[in-house]
Each structure stands twice: as structure tokens, then as C-alpha cells.
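The values are calculated or read from the model by the stated rules, or taken from the named source; none is laboratory data. Quantities reported herein were computed from a predicted structural model and do not represent experimental measurements. Ideal geometry is used to build each Cβ from the backbone, glycine not excepted, and the neighbour counts take in all protein chains shown.
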Amino acid sequence: MLRFDLSKFSFWILLSGVSLALILLIAAGIAWESPERPVDTELVNSLSREVIKTRYYYDARILVQEYLGAVGELSELTVNSPYLGLTAEAKNSALELLVPAEAKGFHLDLVIALNYMEKGFAGDQANLDEGIKRMQVLIDENPWLNE
């Protein structure tokens, strides 16, 4: 018959027990920790809105500048221009941006202009003309795009 001798393992059993007790004491201390300082949620929300707004205007400006830099002069674009993929990519990038409330109108106009241009590059001159017109209005009405 196999006999198990605990005396050989008494040190390890004692060490395990002390470790478990220490872990429980630490966990209890964390659970009973004093309450956190109150957070000014109004301030946090205000700062978050400012960060979102700043980031959006930066990203939108870069997106428009890079797109216009790639396609060149708007007045020279034709349905035969090879910018269908680039325009679709720019529109998709615009749709991925987190838009602050005060920029929703601009953002919608940007996506609509890119959508018309995308349809135009797919072969519809009327849509391309409408997209170019809308894009030019956006550029003219938002001087921050050229900063």
C-alpha cells in the first residue's frame, strides 16, 4: 500500500497557505480602498469634444488636400480621368472619420461631393460636373482647407 508522507511537503504547504493569505489580504485592501476623487465629467466631456473637433478638422483638411493634390485642377477633370479608385478611397476614408456635431454639415457635403465625383469617374459626366461644383463650393466656403 502506498503511503503519502506529508512531512516532506510541510514547508511547501505552509508557504502556499501564507501566499494565499497574503493574496487575500491584498485583494481585500484593494476592495476596501478609499473612494476615488470625484471626476468632473463635464470637463472630461468638454475636453473630449475639443480633441474630436481638432482631430476631425486636421484629418478632413489632410484628406481634401491629398485628394486634390492627386487629381489636380478640378476644372480639368473628365470622365476619362483615372481617378475612380482614388475617389472611392477618399470617400471611404471620409466615412471613417469621427465627426463632431458642428462639422456634420460640412462632412455630409464632402461625402456627397466625393460620391458624385465617383459616379462621374465611372462614366457619368453630369455627376462629375455636379461633384466638381460641390467640391469647389466646399473649398471656397472653408478656407481652413487650404491652411
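For residue 112, the conditions (1) in contact (Cβ under 8 Å) with a residue 40 or more places away in the chain; (2) over 16 Å from residue 75 (Cβ atoms) all hold with the exception of (1). Restricting attention to segment 35-78, the residues being surrounded by 16 or more Cβ atoms within 10 Å (Cβ to Cβ), β-branched (Val, Ile, Thr) and at pLDDT 90 or above number 2.
For segment 3-17, the condition holds for no residue, the condition being that it is modelled with pLDDT of 70 or more and of a type outside the set (Gly, Ala, Ser).
The numbered conditions (1) more than 19 Å from the chain's Cα centre (by Cα); (2) more than 14 Å from residue 128 (Cα to Cα); (3) touching a residue at least 60 places away in the same chain (Cβ under 8 Å) are all true for residue 74 except (2). Quick one: in segment 79-111, which of the residues that are part of a loop (DSSP other than H, G, I, E, B) and of a type in the set (Ser, Thr, Tyr) is surrounded by the fewest Cβ atoms within 10 Å (Cβ to Cβ)? The residue in question is 81.
On inspection, residue 120 fails the criterion of being surrounded by fewer than 18 Cβ atoms within 10 Å (Cβ to Cβ) and farther than 18 Å from residue 66 by Cβ.
For (1) without any contact (Cβ under 8 Å) to a residue 12 or more places away in the chain; (2) aromatic (Phe, Trp, Tyr); (3) more than 18 Å from residue 145 (Cβ to Cβ); (4) in contact with a strand residue (DSSP E or B) (Cβ under 7 Å, 6 or more places away or on another chain), each residue gets a yes or a no:
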| residue | (1), (2), (3), (4) |
| --- | --- |
| 63 | no, no, no, no |
| 69 | yes, no, no, no |
| 85 | yes, no, yes, no |
| 103 | no, no, no, no |
| 121 | no, yes, yes, no |
